[in-house]
1. Filter segment 117-156 down to residues that are touching a residue at least 12 places away in the same chain (Cβ under 8 Å), in a helix (DSSP H, G or I) and of a type outside the set (D, E, K, R), then give me how many there are.
2. Regarding LEU119, is this residue in contact with a Phe, Trp or Tyr (Cβ under 7 Å, 6 or more places away or on another chain) and crowded, with 19+ Cβ neighbours inside 10 Å?
3. The conditions are (1) under 12 Å from GLY201 (Cβ atoms); (2) modelled with pLDDT under 90; (3) among the β-branched types (Val, Ile, Thr), and THR144 fails exactly one of them. Which is it?
4. Just the residues that are touching a residue at least 12 places away in the same chain (Cβ under 8 Å) and among the basic types (Lys, Arg), please, taken from segment 53-103.
5. Name the helices (runs of 4 or more DSSP H) wholly inside segment 1-116 in which the number of residues that are closer than 26 Å to ALA141 by Cα is 3 or more.
6. Just one of GLU200, GLU195 is in a loop (DSSP other than H, G, I, E, B), modelled with pLDDT of 90 or more, out of contact with any Cys (no Cβ under 7 Å at 6 or more places or on another chain) and not hydrophobic (A, V, I, L, M, F, W, C); which is it?
7. Might you check whether a residue that is in contact (Cβ under 8 Å) with a residue 60 or more places away in the chain, out of contact with any strand residue (DSSP E or B) (no Cβ under 7 Å at 6 or more places or on another chain) and either surrounded by 15 or more Cβ atoms within 10 Å (Cβ to Cβ) or not in a loop (DSSP other than H, G, I, E, B) (or both) occurs anywhere in segment 157-179?
Amino acid sequence: MTALEEPLGHRFRHATLIERALTHASADAARSNERLEFLGDRVLGLVIAEKLHALYPDDAEGVLALKLNALVRRETCAAVAEAAGLSQHLILASAEAGSGGRQKSAILAGACEAVIAALYLDGGMKAARNFVERYWAGAIAALTADMRDAKTALQEWAQARKGFDRAAPVYRQTARLGPDHAPLFTVAVEVPGEEPASGEGRSKREAEQAAAKAMLVRLGKWNA
């Protein structure tokens, strides 16, 4: 507990809260972190929304929503869990741990949200806000003016071209390597009239984004 309190920036009065926040359903379905995950998701959303509202006074609602979605998505929460050292403290069933559960983005993201809820319940909004502001600072600083993801940008470009039938990009998985707990996907994207492009990622979604970005970079529509 002491080793975890320092990176979390909070000394817990109720140790059972943080213990439950780190308990995956595979270890104890009745006392898993799923309810805390539900609450933490809402607390995280509020803290990030407040931060964005203050930092970007000229942004329209739609732009703020895109930035919010980028900051609260699974990949971002999983990265924070890794940065805060949560993976080594996860309470998992031996089978889940043996299959690479400590590296699974869904488990890490859920634990991150549950820990935010535990901080909120034990120390109030201040404790939760301090954690979020500390570990989301880099992601907030990396936000760009155009918050469209690569797949959205490629689809809009493809469907706006003249002389083509407005066909949407088509994505095909071309390879899958590695063990089940740490797969590496390769995906190719095809657009009529253009050479295919490919990308890799730890999930199909990540690989599709990488492929779309590769094509946009080649077309000069995305900064590498």
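1. Start the filter on segment 117-156 by keeping residues that are touching a residue at least 12 places away in the same chain (Cβ under 8 Å), which leaves 117-123, 125, 127-136, 139-140, 143, 147-151, 153-155.
Add one more test, that the residue is in a helix (DSSP H, G or I), and what stays is 117-123, 125, 127-135, 139-140, 150-151, 153-155.
Okay, now just the ones that are also of a type outside the set (D, E, K, R), so 117-121, 123, 125, 127-128, 130-132, 135, 139-140, 150, 153-155.
Number of matching residues: 19.
2. Numbers: in contact with a Phe, Trp or Tyr (Cβ under 7 Å, 6 or more places away or on another chain): yes; crowded, with 19+ Cβ neighbours inside 10 Å: yes.
Judged against the criteria, LEU119 is a match.
3. Unmet condition: (1).
4. Residues satisfying the conditions are LYS67, ARG74, ARG102.
5. Values: elements: 2-8, 15-21, 34-55, 61-72, 74-83, 94-98.
Here the list reads 2-8, 34-55, 61-72, 74-83.
6. Details: GLU200 fails: in a loop (DSSP other than H, G, I, E, B).
After ruling out the rest, the residue left standing is GLU195.
7. Step one: filter segment 157-179 for residues in contact (Cβ under 8 Å) with a residue 60 or more places away in the chain, giving 157, 179.
Still in the list and also out of contact with any strand residue (DSSP E or B) (no Cβ under 7 Å at 6 or more places or on another chain): 157, 179.
Remaining after also requiring either surrounded by 15 or more Cβ atoms within 10 Å (Cβ to Cβ) or not in a loop (DSSP other than H, G, I, E, B) (or both): 157.
Yes, the conditions are met somewhere in segment 157-179.
Table: residues versus (1) over 20 Å from the mean Cα position of the chain (by Cα); (2) over 30 Å from GLY178 (Cα atoms).
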| position | (1), (2) |
| --- | --- |
| SER94 | yes, no |
| ILE107 | no, no |
| GLY110 | no, no |
| ASN130 | no, yes |
| ALA137 | no, yes |
| THR144 | no, yes |
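The values are calculated or read from the model by the stated rules, or taken from the named source; none is laboratory data. On a predicted model such as this, the values are computed, not experimentally measured, just so you know. Virtual Cβ from ideal backbone geometry, glycine too; neighbours counted across all protein chains shown.
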